[in-house]
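> Submitted below is the structure of interest, expressed as structure tokens.
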Amino acid sequence: MQKINCLESDMLKTSRIFVVGATGAQGIPVVRGLVSDGRYSVLALTRDAVSARARALAELGNVEFLEGTFADETILRQGMRACDGVFLNIDGFNTGEKTETYWAIRAYEIALEEGVKFFVYGNLDYTLKKAGYRSMFRTGHYDGKGRIGEWILNQNVGNGGRMGAALFTTGPYMEMAFSAQTPMTPRIEDGVLTWRVPLGQGAVVHVALEDCAYYVRWLFDHPERANGMDLEVAIDHIRYADLAAAFTRVTGYPARYVDTDLDAYFAPLAAIAGLPAGYNADPADKSTMSFRDNFTGFWNQWKHDIITRDYSLLDEIHPGRIRSAEEWIRREEDRAKESGGETLWERVQPETLSKRPILKLSEDHRCGTL
Ligand SMILES: NC(=O)c1ccc[n+]([C@@H]2O[C@H](COP(=O)([O-])OP(=O)(O)OC[C@H]3O[C@@H](n4cnc5c(N)ncnc54)[C@H](OP(=O)(O)O)[C@@H]3O)[C@@H](O)[C@H]2O)c1
């Protein structure tokens, strides 16, 4: 029996990973985690192999590029045929929920057909289901991934010996609370760093991007345990009053959280509130969620504490993980000191904030081909 298990786990071992979303906020640390010690090489899908982010990835070494789009079978097939592992993070803010659903399913099917050994799906919580199918929680960019996450795990019951599969379920990056053009962009008001968001006393399961590097690497390194797993990660359930207090404790600068109702939150966003959340989704398609509807569900899930995490599992898998907002802030500040880079307080100044968006989508002004 023991022998068979060893054999099975060897069959799922990979060395060359096709990464979809490699140049994104999430993809960059994921690729770094894979290639940093030479254990894996990466074939990165991008629509533009000479973008600044692609060039930065190339400097890591062991990274090659395939130019094209995930919305193209030929490209997906080419990438997957050349690799034995896949990390797939389809950009739902490009596609919208409906198109993402189709291409995520096709990507899984093509990976199987092309002989991929291990498939990691960049997932988000299936909020609508977790909230008991109540529409106030419907969040297209979460549900669009979460449904397919469940579908993949179901397929994997029969297919897991031929191709292993795991979900990597994340949440809003902690960096987003200190960056421009995100749902939780702060402002400095009368010298006080201020988050005005419709969170009530709820908490956001923020994720540290640097820990994504470790977790995804762990999934590929441990296919025997990871096969069939939904690895749901987070730093912690972070309440924004605590985030503000932690910021002040570490940096000495004043910060506060102001609970805001949905109308007040969306008022400054009136110009985009009615647009599709996915920039290439068809506004005339009745299935397309508007920015406002999508982010109403998004905030409701945090406000009503719908999403859970198993922190003891994360402690076991990643003993050195970041465990609190304060620890994350402290690390950023220490890194700034060591490198002479910007501190968080410098980063959130109005003149700096808009220059360094964490999301490539913001850098590209929500433009680009499907
Ligand atoms: N923002 C968050 O806190 C967060 C947290 C967890 C999960 N997510 C999910 O992650 C996804 C976005 O990834 P991200 O957060 O890393 O955002 P990002 O920084 O905006 O990056 C988007 C990535 O998607 C790639 N991409 C977009 N359209 C593509 C296409 N047609 N073909 C091939 N690649 C394409 C981009 O590559 P090129 O531009 O180089 O082609 C880039 O690598 C979304 O589905 C979002 O819901 C976001």
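> Considering only residues of segment 237-273 that are in contact with a helix residue (DSSP H, G or I) (Cβ under 7 Å, 6 or more places away or on another chain) and not in a helix (DSSP H, G or I), which is nearest to Glu316 (Cα to Cα)?
Going through the qualifying residues, I end up with Ile238.
> In the list Asp261, Asp236, which residue meets the criterion of being touching a Lys or Arg at 6+ places or on another chain (Cβ under 9 Å) and of a type outside the set (Phe, Trp, Tyr)?
On the way: Asp261 fails: touching a Lys or Arg at 6+ places or on another chain (Cβ under 9 Å).
Every option except Asp236 fails the conditions.
> Between Gly21, Gly38, which is more than 16 Å from Ala111 (Cβ to Cβ) and out of contact with any Cys (no Cβ under 7 Å at 6 or more places or on another chain)?
Gly38
> Can you tell me which residue in segment 5-29 is nearest to the ligand (Cβ to nearest atom), limited to those that are hydrophobic (A, V, I, L, M, F, W, C), assigned to a helix (DSSP H, G or I) and over 17 Å from the mean Cα position of the chain (by Cα)? So that I can check it myself, show each step before the final result.
Of all residues in segment 5-29, those hydrophobic (A, V, I, L, M, F, W, C) come to 6-7, 11-12, 17-20, 22, 25, 28.
Within this subset, residues satisfying the condition of being assigned to a helix (DSSP H, G or I) are 6-7, 11, 28.
From what's left, over 17 Å from the mean Cα position of the chain (by Cα): 6-7, 11.
Working: Cys6: 34, Leu7: 35, Met11: 29 Å.
For segment 5-29, the residue satisfying everything is Met11.
> Next question, about the same structure. Picking from Asn300, Asn294, which residue would you name as being surrounded by 19 or more Cβ atoms within 10 Å (Cβ to Cβ), assigned to a helix (DSSP H, G or I) and in contact with a His (Cβ under 7 Å, 6 or more places away or on another chain)?
Just one listed residue meets the conditions, Asn294.
> Which condition number does Gly228 fail, the rest of (1) in contact with a helix residue (DSSP H, G or I) (Cβ under 7 Å, 6 or more places away or on another chain); (2) on the phi < 0 side of the Ramachandran plot being met?
(2)
> In the set Ser312, Ser339, Ser324, which member is more than 22 Å from Glu175 (Cβ to Cβ), polar (S, T, N, Q) and away from the ligand (no atom under 16 Å from the Cβ)?
After ruling out the rest, the residue left standing is Ser312.
> Working only within segment 36-64, note down all residues that are more than 16 Å from the ligand (Cβ to nearest atom) and crowded, with 21+ Cβ neighbours inside 10 Å.
Tyr40
> Which condition number does Asp305 fail, the rest of (1) within 19 Å of Gly122 (Cβ to Cβ); (2) in contact (Cβ under 8 Å) with a residue 60 or more places away in the chain being met?
(1)
> Suppose we filter segment 106-123 for residues that are near the ligand (Cβ under 10 Å from one of its atoms) and either in contact with a Pro (Cβ under 7 Å, 6 or more places away or on another chain) or closer than 14 Å to Trp151 by Cβ (or both); how many remain?
Total satisfying the criteria: 1.
> Right, something else. Taking only segment 263-280 into account, find how many residues are within 26 Å of the chain's Cα centre (by Cα) and within 27 Å of Leu344 (Cα to Cα).
Selection size over segment 263-280: 4.
> Which one of the conditions (1) in contact with a Phe, Trp or Tyr (Cβ under 9 Å, 6 or more places away or on another chain); (2) farther than 23 Å from Cys212 by Cα does Thr99 fail to meet, given that it meets all the rest?
Status for Thr99: all satisfied but (1).
> Okay, moving on. When you go through Pro223, Pro198 one by one, which is the residue that is surrounded by 19 or more Cβ atoms within 10 Å (Cβ to Cβ), more than 27 Å from Ile272 (Cα to Cα) and away from the ligand (no atom under 15 Å from the Cβ)? Let's see the steps before the verdict.
Working: Pro198 fails: more than 27 Å from Ile272 (Cα to Cα).
So the residue among Pro223, Pro198 that is surrounded by 19 or more Cβ atoms within 10 Å (Cβ to Cβ), more than 27 Å from Ile272 (Cα to Cα) and away from the ligand (no atom under 15 Å from the Cβ) is Pro223.
> I'm trying to understand the selection: among the residues of segment 66-105, which are in contact (Cβ under 8 Å) with a residue 24 or more places away in the chain, within 13 Å of the ligand (Cβ to nearest atom) and of a type in the set (D, E, K, R)?
Glu73, Asp91, Glu97, Glu100
Let's see how each residue does on (1) away from the ligand (no atom under 16 Å from the Cβ); (2) under 22 Å from Gly24 (Cα atoms); (3) at pLDDT 95 or above:
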residue	(1), (2), (3)
Gly274	yes, no, yes
Trp299	no, no, yes
Arg330	yes, no, yes
Lys360	no, yes, yes
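> Restricting the search to segment 303-330, which residues are of a type in the set (D, E, K, R) and either surrounded by fewer than 15 Cβ atoms within 10 Å (Cβ to Cβ) or touching a strand residue (DSSP E or B) at 6+ places or on another chain (Cβ under 7 Å) (or both)?
Within segment 303-330, Asp305, Arg309, Asp310, Asp315, Glu316, Arg323 meet the criteria.
> Here's another thing I want to ask about it. Quick one: which strands (runs of 3 or more DSSP E) sit completely within segment 30-105 and have at least 2 residues that are charged (D, E, K, R)?
63-67
> Being out of contact with any helix residue (DSSP H, G or I) (no Cβ under 8 Å at 6 or more places or on another chain), over 22 Å from Gly202 (Cβ atoms) and in contact (Cβ under 8 Å) with a residue 60 or more places away in the chain is the filter here, so list the residues in segment 274-302 that pass it.
Hit for segment 274-302 is Asp282, nothing else.
> Checking Met136 against (1) closer than 23 Å to Asp293 by Cα; (2) within 14 Å of the ligand (Cβ to nearest atom), which test does it fail?
Exception for Met136: condition (2).
The values are calculated or read from the model by the stated rules, or taken from the named source; none is laboratory data. All values derive from a computational prediction rather than experimental measurement. Please note: Cβ atoms are built from the backbone with ideal geometry, for glycine as well, and neighbour counts cover all protein chains shown.
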